[in-house]
Amino acid sequence: MYSKILLAVDTSESSELLVEHLPHLIKVGLKEVVLVHVVNIKEGGDFSEKLQAHDKKFLQRQKAKLEQKGIKIKVKVPIGLPSYEINEIADKENVSLIIIGSHSRSIVKQVVLGGTSEQIIRDARKPVLIMKLDIKEDRGCSLFCKNIFKAILYPTDFSNDAEKTLPYIKKALDAGCEKVVLLHVQEEAKIKPHLESRLEEFNAIDRDRLNRIKKELLDLGAKNVKTIVEMGKAIPIILKTAEAEGACLIALGARGRSLFGEMFIGSTANNVARYARMPVLFVT
């Protein structure tokens, strides 16, 4: 799950922070990292090859730091379009996870990789972890949470895609996870007005489902597992719960497939990624 990752970087302070965080993933099985910086052909133009040579030197320095931690490192600096190149390398290297950076509150055009973060997520055929970066003029750049596995929010609709996320949460217990919050949102638009009389029945069924997941996690050694069932609109409830429960990570399934079999991010997951302050893990 976390043994081989692709980390999309550039030469900024933000990338330095992401690289420094990687040794924390050793506890969840990290052994190999593919460091990737794409020289955006649209921006580099005729200077792309010179930029490529310059950026390779920077990544080699990052490689040396990580190798001291016992992590196997590959460096790749292709010239092309970031989303395409990153997802192609992720497939060819058969990584188990892609990590990219994003500013808190929004996925912005220039993130840690010289391309559009949102496009990378949309095209991804591998799980994606968005590391949220807090950038302030007076304090510089910092990660939202040093140990992203400390407290995890798991919103689930009990679908197959949501279930694929559970093994990642179970593995996080090895990294000192102190709290897991299991959340199910009864979508208001689906319940009202015709099914409102059955709300308590639905709540009882879904609490039972959450309690079964809770038991699994407790049996695996989880310290604190909380269950929440709430009716309303999924996105604001997920974001509100993440803040209220002090989540360091929101882990959820990416939902839906196109006619061509390519994964795209469902509206709920996409908006959680866009507006959450904390890191978000999408499992495809």
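The values are calculated or read from the model by the stated rules, or taken from the named source; none is laboratory data. All values derive from a computational prediction rather than experimental measurement. Ideal geometry is used to build each Cβ from the backbone, glycine not excepted, and the neighbour counts take in all protein chains shown.
For region 83-101, filtering for residues that are assigned to a loop (DSSP other than H, G, I, E, B) and either basic (K, R) or buried (at least 21 other Cβ atoms within 10 Å of the Cβ) (or both) leaves 1. Scanning region 46-76 for residues that are within 21 Å of M131 (Cα to Cα) and aliphatic (A, V, I, L, M), we see that the one that is surrounded by the most Cβ atoms within 10 Å (Cβ to Cβ) is L59.
Among the residues of region 254-282, the one identified as buried (at least 23 other Cβ atoms within 10 Å of the Cβ), modelled with pLDDT of 85 or more and over 12 Å from L153 (Cα atoms) is F282.
Among the listed residues L166, L129, L143, identify the single one that is over 20 Å from R209 (Cβ atoms), hydrophobic (A, V, I, L, M, F, W, C) and either at pLDDT below 85 or outside the structural domain of Y84 (by TED's automatic domain parsing) (or both).
Step by step, each of L166, L129, L143 is checked, and only L143 is over 20 Å from R209 (Cβ atoms), hydrophobic (A, V, I, L, M, F, W, C) and either at pLDDT below 85 or outside the structural domain of Y84 (by TED's automatic domain parsing) (or both).
Conditions (1) in contact with a Ser or Thr (Cβ under 6 Å, 6 or more places away or on another chain); (2) under 14 Å from V9 (Cα atoms); (3) basic (K, R), marked per residue:
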| site | (1), (2), (3) |
| --- | --- |
| K50 | no, no, yes |
| K56 | no, yes, yes |
| L59 | no, yes, no |
| K63 | no, yes, yes |
| Q68 | no, no, no |
| P78 | no, yes, no |
| E88 | no, no, no |
| V95 | no, no, no |
| I98 | no, yes, no |
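Within region 190-223, the set of residues being over 30 Å from P23 (Cα atoms) and in contact (Cβ under 8 Å) with a residue 12 or more places away in the chain comprises I191, L199, F202, N203, D206, R207, R209, L210, N211.
Results for (1) without any contact (Cβ under 8 Å) to a residue 12 or more places away in the chain; (2) on the phi > 0 side of the Ramachandran plot; (3) not hydrophobic (A, V, I, L, M, F, W, C), shown as yes or no for each residue.
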| site | (1), (2), (3) |
| --- | --- |
| V28 | no, no, no |
| K31 | no, no, yes |
| V34 | no, no, no |
| H37 | no, no, yes |
| N40 | no, no, yes |
| G45 | yes, yes, yes |
| E49 | no, no, yes |
| Q60 | no, no, yes |
| K65 | no, no, yes |
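Against the criterion of being surrounded by fewer than 21 Cβ atoms within 10 Å (Cβ to Cβ) and within 25 Å of T284 (Cβ to Cβ), E32 qualifies.
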